[in-house]
1. Which of the following residues is over 25 Å from the mean Cα position of the chain (by Cα), modelled with pLDDT under 85 and not small (Gly, Ala, Ser): Thr639, Thr587?
2. From the list Ser673, Ser679, Ser718, which residue is under 30 Å from Asn585 (Cβ atoms) and touching a helix residue (DSSP H, G or I) at 6+ places or on another chain (Cβ under 9 Å)?
3. Considering (1) of a type outside the set (D, E, K, R); (2) at pLDDT 90 or above; (3) part of a loop (DSSP other than H, G, I, E, B), say which one Gly102 fails and leave the rest.
4. Where in the stretch 157-224 are there strands (runs of 3 or more DSSP E), lying fully within it, with 3 or more residues that are among the β-branched types (Val, Ile, Thr) and surrounded by fewer than 22 Cβ atoms within 10 Å (Cβ to Cβ)?
5. Please find, among Val457, Val440, the residue that is of a type in the set (A, V, I, L, M) and either touching a Pro at 6+ places or on another chain (Cβ under 9 Å) or closer than 16 Å to Ile374 by Cβ (or both).
6. Hey, among Gly447, Gly465, which residue is more than 30 Å from Asn544 (Cβ to Cβ) and modelled with pLDDT of 95 or more?
7. Being out of contact with any Leu (no Cβ under 7 Å at 6 or more places or on another chain), assigned to a strand (DSSP E or B) and buried (at least 21 other Cβ atoms within 10 Å of the Cβ) is true for just one of Arg763, Arg794. Which residue is that?
Amino acid sequence: MAPTPTLPITAEELKLDSRTNIGAALNDLPQFRATSSPQTTGSNTGAGNAPVDLRGLGISRTLVLQDGRRISSDNDLKTIPSIVVKSVDVVTGGASAAWGSGAVGGVVNISLDHDFVGFKAGAQAGQSTYNDGKEKRFEAAWGTDFADGRGHFLVGGEFLDNDGIVPRSSRSRAGRWSTLSIGNGQYQLMPDVGFADAGYGGLILSGVLKGKAFNPDGSLRDFQYGRVVGALMSGGEGPSNDDYSPLSAPQKRYSVLASGRYDLNDDVRLTAEVRHSRMYNNYIWFGDHNRNNLDIGIDNAFLPQQVREAMQQAGETRLRIGRFNNDINYPHIDFERKTTQATLALDGYAGDWRWSAYYSHGEAEANFDTPGFILREAWANAIDSVIDPSTGKPVCRVSLANPAVHCVPINVFGEGAPSQEAIDYVTGTPQQRARTTLDVFGASLRGEPWELPAGPVSVAFGVEGRREAIDQRVGELDAAKAFRSFNFSAMKGSFNVKEAFGEVLVPLVRDVPGLNNLALSAAARISDYNTTGSIWSWKLGFTNEFVDGFRGRVARSRDIRSANLGELFTTTTTGWSYVTDPTNNQTVYALSNGGGNPGLRPETADTLTAGLSWSPRAVEGLDLSVDYFNIDIKDVITTIGLQDILSRCAAGNAELCSRVERDAGGNITRIVSTYTNLSQYKTDGVDLEASYRRDARLFGVPGRLRLRTLATWVNSLSTDDGVKRMEYVGSQGYAFGLGVPKWRAVSSIAFDSDAFSLNARARYLSAGDYDRNQNIVNNRIGSYVYYDVGGAYRLGGEGRVELYASANNVFNKKAPIAATFSPYYDVMGAYYTAGVRVKF
């Protein structure tokens, strides 16, 4: 029994719900938060990745390992083919002293099936009950022994093609929702929210024609307003990106892994492994619109005559319009992420000591082309068009003054009015090519040098080192900041760390009443970063078996995490989100920019875990456990949710106020959410587990019955910036905060036999709020239970052919309102999967 709680998950359990990757399967467990997933990344440059987040502390505080070694690709579990995985062990407590920096929330260690011999393959297809979200998935693996059993070779791979869900408004409870002010400091989640300061083809926002919109032929109509709140409105004909952008990111990916082991002699084994993956796709991203910021002169070449005459009669010379530019190369994101990692390892024995050494090199690429964004100078020139007096045709004013300047005038009066030539002139393609490298080595020695009355003392010590670097390059137009709303930024940086560690396990008392097996474990690690200097981590723990089958554990640790490459050097990221401005209680659609911060300090975490487990001998197959956790992080490295930035600014945090940019009228124009050090990030709660296994019969067929329940109760999850403490337990609808439910649980029952298998599962979320830190009148979200079912039928000897099917959210339970990017609620609806597996 380990002093830190460990949750083992078998390959069979990972397959229960037909999830398409390990990360998606783990996110169903109550200890995890689906912070980054296709649902939460449809509109940003993290599209479609699948890292994991233990305790809701952030994906950078969960350390992901493969066979005990770090992986490249920002812990994206989609890069490892599921078909070659034997099991996953989840350490749900701080483990930096044992495993290294980053293991603040815990560790996910993926073990490959290096003993697999034979061939297996599978194919599956799925779609939602709404006939979208379609996917196809194929996988295969082959393993064999060679050299009379001294060597073993394993190769496996998978391919996925997922259509995603486009657009967001295809789900009535996801697309076009926002929080709007209703006065008196109160807000309401409202449906059918669109822009009130822009329209398809153009909306006039000033002068005598204010409130008129342009028809496709350039004529005018009355714009249909809904309930207007600031720059947004509920109802009416206001346009929205949600009618174009994805709810779940479409993606294609493949991953391949090959591993070979060979015993050089009876004492030394050589292991070589290579892993490669690629994820890619091209889909609509988010628009580049004019929101109450497009000024047109009365002499514009394309201005409809009726508009010009009305302006002349009113004595007006300029016109301001807002335009939803869906007809001007609506931007797409064409992306790929490639990862390649190779590892060489030696393991062996020297007498009674076991030694190991390895080196691994990984490269991860993130390449983006995002065509359709508007070029600032070209747009300004093209908009400012006049009639050429010599030809009577439209011409850019700048070209009239200097014929050497190439410019194509653009007509923006009416949807579809811009010519393709003009669109090509005013738009371009932001580009990024980024490569991240990981070089890591390690050497360790383990043995049992001493014997005590209670048993042998186990020790381990070793050294590790790694270097991480990023080289991110951008297109010429990005480097010149030529785009008005979105430019990639070049970035280059690296860090290295040298570490030494030691661990000891000391049996203290054995076979004494109440102390059947009392043991002490301790670990310490020194990590020397070239960026921030040296920092210690340590762990001290005790385990004991009080009576036969009844055990206890307690551990206290100091865990550390230094800023990673992304937090230090990440280029500017861009997104758009609805936020409520506390200064005027108006909801706005705000530009947000994130990025790195080279001045970050390392964070330290004090972690306490304590637990009990009971496997009563009177009930064979029954296992019960309860574990308390308390994690207190100081100088926490994090980004702050956009709404939280505004709330903390309103509370008096001057540093965060400097991140909110406003125009001359006091309206929010941009929010900067780069990484920062907060004073404190703290959580505590309890994990519960109950499992039962026994032989059973179903329909007269002998088999094995398995029941398992996992539950997590979170007492508190809070942050403190030194000015304001904010609590997030129960904030479970707002996508870009840190919230977690008070209770989360998953219960499953499964029957397996040689002929068939059946399983059912329930996923529970306790009641909570959309955002407990806002005064929203319809804030409350009731408790939720999702039900999943599945089954398989096996044909041929030893089940060589297996036909299977599953249904997740089988009763098609609707998500709460405004659950657009929520990491907890199923916005897709009932999802059906069917497939076949073969093995030889």
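1. Working: Thr639 fails: over 25 Å from the mean Cα position of the chain (by Cα).
The conditions single out Thr587.
2. Just a single option satisfies the conditions, and that option is Ser673.
3. In the conditions (1) of a type outside the set (D, E, K, R); (2) at pLDDT 90 or above; (3) part of a loop (DSSP other than H, G, I, E, B), Gly102 misses (2) alone.
4. Values: elements: 178-183, 186-190, 193-195, 212-214, 220-222.
Ranges flagged: none.
5. Numbers: Val440 fails: either touching a Pro at 6+ places or on another chain (Cβ under 9 Å) or closer than 16 Å to Ile374 by Cβ (or both).
After applying the criteria, what remains is Val457.
6. Numbers: Gly447 fails: more than 30 Å from Asn544 (Cβ to Cβ).
Step by step, each of Gly447, Gly465 is checked, and only Gly465 is more than 30 Å from Asn544 (Cβ to Cβ) and modelled with pLDDT of 95 or more.
7. Within the list Arg763, Arg794, the selection yields Arg763.
Results for (1) part of a strand (DSSP E or B); (2) surrounded by fewer than 15 Cβ atoms within 10 Å (Cβ to Cβ); (3) over 27 Å from the mean Cα position of the chain (by Cα); (4) not assigned by TED's automatic domain parsing to the domain that holds Val579, shown as yes or no for each residue.
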site	(1), (2), (3), (4)
Gly665	no, yes, yes, no
Tyr681	yes, no, no, no
Tyr692	yes, no, yes, no
Pro702	yes, yes, yes, no
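The values are calculated or read from the model by the stated rules, or taken from the named source; none is laboratory data. Note that the structure is predicted; figures quoted are calculated from it, not measured. FYI the Cβ positions are ideal-geometry reconstructions off the backbone, even for glycines, and counts take in every protein chain you see.
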